[in-house]
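J.: I am attaching a structure below and will ask some questions about it afterwards.
The values are calculated or read from the model by the stated rules, or taken from the named source; none is laboratory data. Since the structure is predicted, the reported quantities are computational estimates derived from the model, not experimental observations. Cβ sites come from the backbone with ideal geometry, for glycine too, and all protein chains shown count toward neighbours.
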Amino acid sequence: MRTAVVLLPGLNRDRDMIAALTEITGKKPHTVWQTETDIPDVDLIVIPGGFSYGDYLRCGAIGARMPVMQAVAEKARQGAMVMGVCNGFQILLEAGLLPGALMRNATLKFVCREVKLEITNANTAFTRGYDAGQIIRCPVAHHDGNYFADDETLKRLEGEGRVVFRYAEGSNPNGSVNDIAGIVSPEGNVLGMMPHPENLIEAAHGGTDGRALFAGALGLAA
Amino acid sequence: MTIPNAIPITDELIAAHGLKPDEYQRILDLIGREPSFTELGIFSAMWNEHCSYKSSKKWLRTLPTKGERVIHGPGENAGVVDIGDGDCVVFKMESHNHPSYIEPYQGAATGVGGILRDVFTMGARPVAAMNALRFGAPDHPKTKHLVAGVVSGVGGYGNAFGVPTVGGEVEFDASYNGNILVNAFAAGIAKTDSIFLSKAEGVGLPVVYLGAKTGRDGVGGATMASAEFDDQIDEKRPTVQVGDPFTEKCLLEACLELMASGAVIAIQDMGAAGLTCSAVEMGAKGDLGIELDLDKVPVREERMSAYEMMLSESQERMLMVLKPEMEKAAEAIFRKWGLDFAIVGKTTDDLRFRILHKGDEVANLPIKELGDEAPEYDRPWISPAAPDALPEGSAAETDIADALLKLLGSANHSSRRWVWEQYDTLIQGNSIQIPGGDAGVVRVEGHPTKALAFSSDVTPRYCEADPFEGGKQAVAECWRNLTATGALPLAATDNLNFGNPERPEIMGQFVRAIEGIGEACRALDFPIVSGNVSLYNETNGKGILPTPTIGGVGLITDRSRMARVAFAAEDEAILLVGAPAGWGTHLGQSAYLRDIHGRSEGPPPPVDLARERRVGDLVRKLIEDGIATACHDLSDGGLAVAVAEMAMASGIGATISEPGGNSAAASLFGEDQARYLLTVPKAQSDRLLTEHGQASDVTFQHIGTTGGRELKLGNARAIPVEELRRVHESWFPTYMDG
């Protein structure tokens with residue numbers, strides 16, 4: 001199993017993501033710097049969380065315009081599995097690889113806590129390790145995770161089963177419309193999510209609910 | 001030699017630089033001529049209280065700073081302590097009190113930025129942060145605004161930089177109304193064989209400026225931090241720096257990359273008094289002169305004077321001495337991270353600090369004397385009067401359940417979740433205890449079993465009543481909190497916040513607190529390896545409570561044995577360890593007396609350091625041996641609050657027997673020191689009680705059993721754990737958002 005992690009200045013959960021992918025695949029992921037346009041053929045490309053370019057201008061706006069993101073977009077068009085977590089999700093939105101926007105949390109405050117996620121569609125490569133309707137634990141840590149899209153886009157996302165994670169049991173931490181925590185592209189090969197599954201993959205994290213996501217995406221047994 | 005001076009050096013100008021007439025005379029004697037305006041600024045920056053420790057040095061020297069594991073004690077950017085396997089922990093705590101009162105968001109943010117820089121300047125990657133925050137009375141008109149600004153500033157910087165905030169304190173007291181405290185702690189991990197220091201070596205080597213550009217922000221900040229406040233304090237806002245955590249994160253990565261390349265000879269971050277302090281430090285430590293050409297310094301504002309450039313406290317900047325042959329490779333690393341890289345000077349052999357600007361020499365000073373010849377004061381002090389004994393009947397019996405709920409729902413004892421959920425506590429994936437327990441704990445990355453524990457502690461009301469016992473207690477409580485997770489306390493950093501040292505009664509508090517801290521550190525083998533002194537914390541002549549914050553670090557060798565405060569299971573025995581007969585006796589200066597009876601009286605609880613150590617060592621052993629299933633130290637609010645916290649953390653209730661002997665209030669709310677609560681399976685309990693009866697040197701008393709969904713304290717009304725939680729969790733959000 002081969003994976004790649006995109007590196008932009010200001011991302012800061014890259015080390016968490018690299019540790020998680022190493023733990024799960026047994027192999028260190030490739031790292032791809034912002035100026036590189038050549039991404040090797042891998043089974044999963046991840047854009048990790050953080051504050052790329054300090055979140056100045058708009059979260060993810062500058063990162064989305066770096067050369068490496070054109071390469072990621074091209075790979076995605078060819079069907080590669082791409083996953084963006086937190087700032088990575090914001091970058092995927094700004095790059096136009098997923099629809100909608102992430103606004104400031106409704107509380108206007110940064111929030112770091114564990115939430116509950118419902119698996120609303122278990123028929124994607126990313127969620128096949130879970131059961132539909134299953135509730136899992138997952139931490140969040142963000143200032144701008146309040147998902148929003150216009151009515152038409154929402155209808156399409158919901159109708160096509162592209163909302164794959166939803167905040168459950170009243171644990172929506174940011175005011176996201178329809179409790180949306182994660183969505184996929186129409187082809188199902190691009191996932192964007194605010195919560196951090198990479199921080200819940202080993203016993204020392206206090207749980208392993210995030211493991212099945214990576215295992216599913218990589219076609220491994222969880 | 002003369003240096004042309006466009007600005008006349010008047011008595012007013014000297015006073016505005018915080019220099020006393022005798023201090024100015026010292027400058028004249030030292031250089032044999034009138035200083036230039038730039039030189040006056042440089043002296044002011046080096047000789048203010050914040051940078052020179054002129055009032056405190058004499059007393060700081062009495063603290064124990066050495067130990068088997070101590071690699072570098074005070075005097076470097078941060079303390080360095082060996083944790084085995086070729087690794088060391090690098091840590092320090094520092095105040096940013098004055099700036100945070102003037103501009104809470106940026107003041108707190110740059111406080112965090114500064115302490116992180118101190119840690120990674122030494123070659124360590126930061127792995128944990130804490131913040132000890134003290135605000136005025138909740139009903140003071142500025143308090144809410146300051147809490148909101150400081151908390152979001154701490155989070156705004158630490159979260160974006162990417163360090164987990166794993167602990168800290170938040171306390172309210174009217175004495176901080178005009179002078180809040182923001183004490184930031186950071187710790188990093190490095191290899192013991194690659195620690196970087198500020199001492200320059202070699203003549204004629206390039207002095208390199210790295211990081212962000214220099215602006216006018218923070219000019220005179222260190223001098224401002226060495227003065228009392230008055231009503232015109234808002235006019236000082238331009239002296240507060242502006243933080244950029246994005247640049248700091250890039251600076252961290254670039255510095256670590258550069259250090260790994262072998263190019264760095266010496267490195268010093270630009271903190272207080274920026275370019276001045278860092279350059280003097282590097283030269284003076286290395287017995288070398290430094291020449292700086294300010295025309296080469298990257299600036300972000302036009303027409304900056306030499307004075308402004310030398311005193312700017314713009315953030316996220318570093319000064320280095322590099323191996324000349326590696327200049328190109330070093331520059332490439334900094335360019336990759338989008339940071340400035342400029343050769344701004346060189347080391348010389350003449351021991352002069354020379355500043356060139358637009359073709360003129362604007363300063364030429366003896367470099368060693370700038371630091372070494374700073375005034376040092378043996379300020380007069382008077383020993384604080386011993387507090388009166390607590391009068392009989394000070395604490396009329398109250399309903400125990402009501403008192404507990406009132407304490408748990410009070411400003412100072414309610415949950416701090418509202419605060420720490422705004423901090424990223426999980427980033428780096430190594431946090432195994434986040435705030436809410438006795439100490440924050442992070443795994444040592446790359447090691448299969450080791451972890452580090454962190455705690456920050458002081459009880460200012462104890463220090464006010466008796467600075468000596470209060471100083472001892474701050475150290476003992478920190479040591480106890482680390483021990484309660486199963487960690488072996490290794491060393492500590494101190495952040496000493498006091499009022500105006502020119503007043504003998506304040507100086508007396510300072511001296512006695514240091515004596516207490518020193519005594520406790522020696523008795524507990526807990527050396528002070530770094531620290532910071534913040535004096536003049538007063539407004540309009542009214543000082544804060546003396547607040548010597550102690551930040552401690554402990555080592556857990558097997559993290560699978562780490563203890564938490566949450567009850568682990570139902571039907572386990574609850575043991576009280578280290579307590580006198582009757583469980584608790586001391587109500588003087590207790591939270592109960594203050595918050596239930598509205599009285600701040602009596603002496604604080606004395607700390608018997610030998611007993612502290614005996615009890616703690618045994619508790620740690622029971623945790624390491626896997627016998628204790630949960631552990632919590634007893635502090636504010638005594639036994640009742642501690643057992644309630646264990647119940648709330650787990651959702652499991654408890655039944656505690658009726659205390660005998662003393663008044664129920666003293667048993668349940670007394671704040672006697674060196675006590676812990678443990679839970680153990682019932683089968684273990686009998687054995688422990690037989691071995692450690694009331695006659696043994698570490699007493700064990702079986703006080704109750706875990707189980708159910710209610711907390712029942714003796715004959716008092718049972719309280720559902722859910723109700724405890726509701727009360728405990730509601731004060732902060734109601735206060736801030738309500």
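J.: Would you confirm whether any residue within segment B:718-731 is out of contact with any Gly (no Cβ under 7 Å at 6 or more places or on another chain), surrounded by fewer than 17 Cβ atoms within 10 Å (Cβ to Cβ), under 13 Å from residue B:579 (Cα atoms) and without any contact (Cβ under 8 Å) to a residue 40 or more places away in the chain?
T.: no
J.: Quick one: which strands (runs of 3 or more DSSP E) lie wholly within segment B:25-140 and hold at least 3 residues that are crowded, with 20+ Cβ neighbours inside 10 Å?
T.: Numbers: elements: B:70-72, B:79-84, B:87-95, B:125-135.
Fully inside segment B:25-140 and qualifying: B:79-84, B:87-95, B:125-135.
J.: Another question, then. Among the candidates B:127, B:182, B:166, B:151, single out the residue that is touching a helix residue (DSSP H, G or I) at 6+ places or on another chain (Cβ under 7 Å) and within 14 Å of chain A (Cβ to nearest Cβ).
T.: Numbers: B:127 fails: touching a helix residue (DSSP H, G or I) at 6+ places or on another chain (Cβ under 7 Å); B:182 fails: within 14 Å of chain A (Cβ to nearest Cβ); B:166 fails: touching a helix residue (DSSP H, G or I) at 6+ places or on another chain (Cβ under 7 Å).
The match here is B:151.
J.: Can you name the residue in segment A:15-25 that is crowded, with 22+ Cβ neighbours inside 10 Å and closer than 17 Å to residue B:159 by Cβ and is also farthest from the other protein chains (Cβ to nearest Cβ) among such residues?
T.: A:17
J.: Name the single residue, out of those in segment A:107-133 being among the aliphatic types (A, V, I, L, M) and closer than 13 Å to residue A:171 by Cα, that is farthest from the chain's Cα centre (by Cα).
T.: Residues of segment A:107-133 among the aliphatic types (A, V, I, L, M): A:108, A:111, A:115, A:117, A:119, A:122, A:125, A:132.
Right, trim to closer than 13 Å to residue A:171 by Cα and you get A:111, A:115, A:117.
Numbers: A:111: 17, A:115: 15, A:117: 13 Å.
Looking at the filtered set, the residue picked out is A:111.
J.: Okay, moving on. Output the number of the condition that residue A:28 fails; it satisfies all remaining conditions of (1) within 18 Å of the chain's Cα centre (by Cα); (2) more than 13 Å from chain B (Cβ to nearest Cβ).
T.: Failed condition: (1).
J.: Oh, and also: Spot the failing condition for residue B:291; the list is (1) surrounded by 24 or more Cβ atoms within 10 Å (Cβ to Cβ); (2) of a type outside the set (A, V, I, L, M); (3) modelled with pLDDT of 95 or more, and only one is missed.
T.: (1)
J.: When you scan segment B:534-557, how many residues do you find that are surrounded by fewer than 24 Cβ atoms within 10 Å (Cβ to Cβ) and either assigned to a strand (DSSP E or B) or out of contact with any Gly (no Cβ under 8 Å at 6 or more places or on another chain) (or both)?
T.: Residues meeting the conditions: 7.
J.: So is residue B:79 within 14 Å of chain A (Cβ to nearest Cβ) and in contact with a strand residue (DSSP E or B) (Cβ under 7 Å, 6 or more places away or on another chain) or not? Give the derivation first.
T.: On the way: within 14 Å of chain A (Cβ to nearest Cβ): no; in contact with a strand residue (DSSP E or B) (Cβ under 7 Å, 6 or more places away or on another chain): yes.
Judged against the criteria, residue B:79 is not a match.
J.: Could you list, in sequence order, all residues of segment A:174-191 that are under 12 Å from the mean Cα position of the chain (by Cα) and either within 13 Å of chain B (Cβ to nearest Cβ) or under 17 Å from residue A:20 (Cβ atoms) (or both)?
T.: Across segment A:174-191, the qualifying residues are A:182, A:191.
J.: Can you name every residue in segment B:624-640 that is surrounded by fewer than 24 Cβ atoms within 10 Å (Cβ to Cβ) and assigned to a helix (DSSP H, G or I)?
T.: B:624
J.: Could I ask something else about it? Give me the pairs: first residue in segment B:38-55 and more than 12 Å from residue B:27 (Cα to Cα), second residue acidic (Asp, Glu), beta-carbon distance under 7 Å, and six or more apart or on different chains, which are they?
T.: B:54/B:376; B:55/B:49
J.: Looking at segment B:492-500, can you tell me whether even one residue there is over 21 Å from residue B:134 (Cβ atoms) and among the β-branched types (Val, Ile, Thr)? Full working, then the answer.
T.: Keep residues of segment B:492-500 that are over 21 Å from residue B:134 (Cβ atoms), which gives none.
No, segment B:492-500 has no match at all.
Results for (1) over 26 Å from residue B:308 (Cβ atoms); (2) buried (at least 16 other Cβ atoms within 10 Å of the Cβ); (3) not β-branched (Val, Ile, Thr), shown as yes or no for each residue.
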{"residue": "B:334", "(1), (2), (3)": "no, yes, yes"}
{"residue": "B:338", "(1), (2), (3)": "no, no, yes"}
{"residue": "B:345", "(1), (2), (3)": "no, yes, yes"}
{"residue": "B:349", "(1), (2), (3)": "yes, no, yes"}
{"residue": "B:362", "(1), (2), (3)": "no, yes, no"}
{"residue": "B:366", "(1), (2), (3)": "no, yes, yes"}
{"residue": "B:392", "(1), (2), (3)": "yes, no, yes"}
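J.: Additional query: Could you say which residue among B:686, B:672 is farther than 24 Å from residue B:651 by Cα, of a type in the set (Asp, Glu) and modelled with pLDDT of 95 or more? Walk me through how you get there before you give the answer.
T.: Values: B:686 fails: modelled with pLDDT of 95 or more.
Just a single option satisfies the conditions, and that option is B:672.
J.: Conditions: (1) in a loop (DSSP other than H, G, I, E, B); (2) within 14 Å of another protein chain (Cβ to nearest Cβ); (3) surrounded by fewer than 18 Cβ atoms within 10 Å (Cβ to Cβ). Residue A:171 meets all but one. Number of the miss?
T.: (3)
J.: State all residues of segment B:141-172 that are in contact with a Lys or Arg (Cβ under 9 Å, 6 or more places away or on another chain), under 30 Å from residue B:265 (Cβ atoms) and in a helix (DSSP H, G or I); if no residue qualifies, say none.
T.: B:161
To keep it simple, each residue is scored yes or no on (1) surrounded by fewer than 24 Cβ atoms within 10 Å (Cβ to Cβ); (2) facing chain A (nearest Cβ under 9 Å); (3) not in a loop (DSSP other than H, G, I, E, B).
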{"position": "B:411", "(1), (2), (3)": "yes, no, no"}
{"position": "B:414", "(1), (2), (3)": "yes, no, no"}
{"position": "B:419", "(1), (2), (3)": "yes, no, yes"}
{"position": "B:427", "(1), (2), (3)": "no, yes, no"}
{"position": "B:432", "(1), (2), (3)": "yes, yes, yes"}
{"position": "B:436", "(1), (2), (3)": "yes, no, no"}
{"position": "B:445", "(1), (2), (3)": "yes, yes, no"}
{"position": "B:449", "(1), (2), (3)": "yes, no, no"}
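J.: Kindly indicate whether residue B:329 is closer than 28 Å to residue A:11 by Cα, of a type in the set (A, V, I, L, M), in contact (Cβ under 8 Å) with a residue 60 or more places away in the chain and away from chain A (no Cβ under 14 Å). Before you say what the answer is, go through the steps one by one.
T.: Details: closer than 28 Å to residue A:11 by Cα: yes; of a type in the set (A, V, I, L, M): yes; in contact (Cβ under 8 Å) with a residue 60 or more places away in the chain: yes; away from chain A (no Cβ under 14 Å): yes.
In short, yes.
J.: So, in segment A:94-149, how many residues would count as being away from every other protein chain (no Cβ under 14 Å), part of a loop (DSSP other than H, G, I, E, B) and small (Gly, Ala, Ser)?
T.: Applying the first criterion (away from every other protein chain (no Cβ under 14 Å)) to segment A:94-149 yields A:94-103, A:116-136, A:146-149.
If we keep only those that are part of a loop (DSSP other than H, G, I, E, B) as well, we get A:95-100, A:120-134, A:149.
From what is left, the residues that are small (Gly, Ala, Ser) are A:95-96, A:100, A:122, A:125, A:129, A:132-133, A:149.
Of the residues in that region, 9 qualify.
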